[in-house]
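The values are calculated or read from the model by the stated rules, or taken from the named source; none is laboratory data. Remember, predicted model here, so these are calculated numbers, not experimental data. Neighbour counts run over all protein chains shown; Cβ positions are idealised from the backbone, glycine included.
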Amino acid sequence: METNVKKHIQEICMKANDASKSLFHANAKDKNEALKLIAKQIKNDQEDILKANAIDVDLAKLNNVSGALLDRLILNESRVNDMIQGINNIILLDDPIGSEIKKWTPKNGINMSQTRVPIGVIGIIYESRPNVTADASALSLKSGNSIILRGGSESFNSSSAIVNSIKKGLKASNISEDCVQIVNTTSRDAVGELLNMNKYINLIIPRGGKSLIARVQLESKIAVLSHLDGLCHTYIDKEANKEMSLKIVINAKMRRTGICGATETLLCHKAVIKSILPDIIQNLINQGCEVRGDKNIQTLNKNIKKATEKDWTTEYLDKIISIKTVNDVAEAISHIEQYGSNHTDAIITENNDTAETFLNEVNSAIVLHNASTQYADGGEFGMGAEMGIATGKLHARGPVGLEQLTTYKYQLRGNGQVRP
């Protein structure tokens, strides 16, 4: 490993760790004021951010990156405004730090309380999406945590420009600019070094493809909160409304095909494949979506390709969908259990009992009834933004927002008690 890479990682980790100690004690007013200044600076620097992004996009096109990755990479005026709006939404949220989760007094007479505190220093490793730079920084700052950002090489210039704006905003505030750090190299060695900084970093959040997640889980000496792949399903029940099914499925697949909440596999009850699916399939094909299906589904349209076992395990992140016939809700749940990624899955039905069975038995971080899987987003949950969608079961699950970026401590207030 290059000495300068190792030295750089250690330096930014030390700075972030030192800054986290003062950020721990920052009040809500100062944090919100800092966020306002950051949002204003990003707006002022919009032209520079878009120029930096254009460089990344041109390089990505030269490297023939996939359409899904390119979509996640591209910034425009609307997406920059979305970043700014995300920060403004976070400002409006209550500061979780110092809030009391619960309090009680047991038989020993000691007043006990459970109180939210920051985690400390968070390292996030992510690919493609430069908007994560702003979202993650704002969430970390509001929740009292320093953050170290390691964006993908394909978004290096964009992320660097955004961090430059963030730091300019922080310089004008009462919050140390050192609470936001960026890994200033595209060397892969930097990730390995970062994963060994357990002396300074308290939590690592990897957000990207399977290979990135696997590497982080294997090599990290720091606790990991993973954002895994989004192999999301929508199940059309025998008691589904036809118009609602069309509306939801088209949105769940086609609104943005490159995000983790996009439906990749459509499951359909055998009783309604001929009454509900034909219009859905034709609409998908008309919008340029490739449809793959089992033998029952293939009879509905000559343009449907045969689905293979691999299709049930594939997160396309593209204009492709696989469709499978199932006999009942139990078979739909079984398919999701076998092939899903515990991310987001939905049922469309007018039968509330069937819906409750699905909601209770599908073991995913997010389950929906009569709504699009594309609602798998922290902003839609009222969190302002998100660090990612956690698909594990420990510490946090689903959209990771302010509260999920805190831990807690117990505070005990006695009046002279000693244990017998």
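A few comments on the model shown:
- Here ILE336 meets each of (1) under 23 Å from THR314 (Cβ atoms); (2) of a type in the set (A, V, I, L, M); (3) in a loop (DSSP other than H, G, I, E, B) with one exception, condition (3).
- Residue match in region 358-372 (condition: within 12 Å of ASP345 (Cβ to Cβ), part of a helix (DSSP H, G or I) and hydrophobic (A, V, I, L, M, F, W, C)): yes
- Check on ASN327, over 30 Å from VAL117 (Cβ atoms), in contact (Cβ under 8 Å) with a residue 40 or more places away in the chain and either loosely packed, with under 14 Cβ neighbours inside 10 Å or assigned by TED's automatic domain parsing to the domain that holds SER99 (or both): yes
- Selected residue (only one of SER226, SER245 is modelled with pLDDT of 95 or more and among the polar types (S, T, N, Q)): SER245
- Taken together, VAL418, VAL329, VAL367, VAL400 contain a single residue that is closer than 30 Å to LYS107 by Cα and among the aliphatic types (A, V, I, L, M), which is VAL418.
- Residue match in region 184-204 (condition: touching a Ser or Thr at 6+ places or on another chain (Cβ under 7 Å), buried (at least 22 other Cβ atoms within 10 Å of the Cβ), of a type in the set (A, V, I, L, M, F, W, C) and part of a helix (DSSP H, G or I)): no
- Number of residues in region 205-239 that are touching a residue at least 24 places away in the same chain (Cβ under 8 Å), more than 30 Å from GLU350 (Cα to Cα) and crowded, with 16+ Cβ neighbours inside 10 Å equals 14.
- Residues of region 248-282 satisfying the condition of being of a type in the set (Val, Ile, Thr) and either at pLDDT 95 or above or not in a loop (DSSP other than H, G, I, E, B) (or both): ILE248, VAL249, ILE250, THR263, THR265, VAL272, ILE273, ILE276, ILE280, ILE281
- Filter pass, ASP229 being in a loop (DSSP other than H, G, I, E, B) and among the acidic types (Asp, Glu): yes
- Test for GLU350: is it on the phi < 0 side of the Ramachandran plot, surrounded by fewer than 22 Cβ atoms within 10 Å (Cβ to Cβ) and within 29 Å of the chain's Cα centre (by Cα): no
- Filtered residue count, region 371-420, keeping only those that are surrounded by fewer than 18 Cβ atoms within 10 Å (Cβ to Cβ), over 24 Å from LEU149 (Cβ atoms) and polar (S, T, N, Q): 3
- Counted residues, region 281-302 - those being within 28 Å of the chain's Cα centre (by Cα) and not polar (S, T, N, Q): 6
- In region 130-150, residue surrounded by the most Cβ atoms within 10 Å (Cβ to Cβ) [restricted to those that are free of Cβ contacts under 8 Å to residues at least 60 places away in the same chain and closer than 14 Å to GLY388 by Cα]: THR133
- Residue in region 299-308 that is surrounded by 18 or more Cβ atoms within 10 Å (Cβ to Cβ), out of contact with any Gly (no Cβ under 6 Å at 6 or more places or on another chain) and in the same structural domain as SER245 (by TED's automatic domain parsing) present: yes
- The single condition from (1) in a loop (DSSP other than H, G, I, E, B); (2) of a type in the set (Ser, Thr, Tyr); (3) at pLDDT below 95 that SER211 fails is (1).
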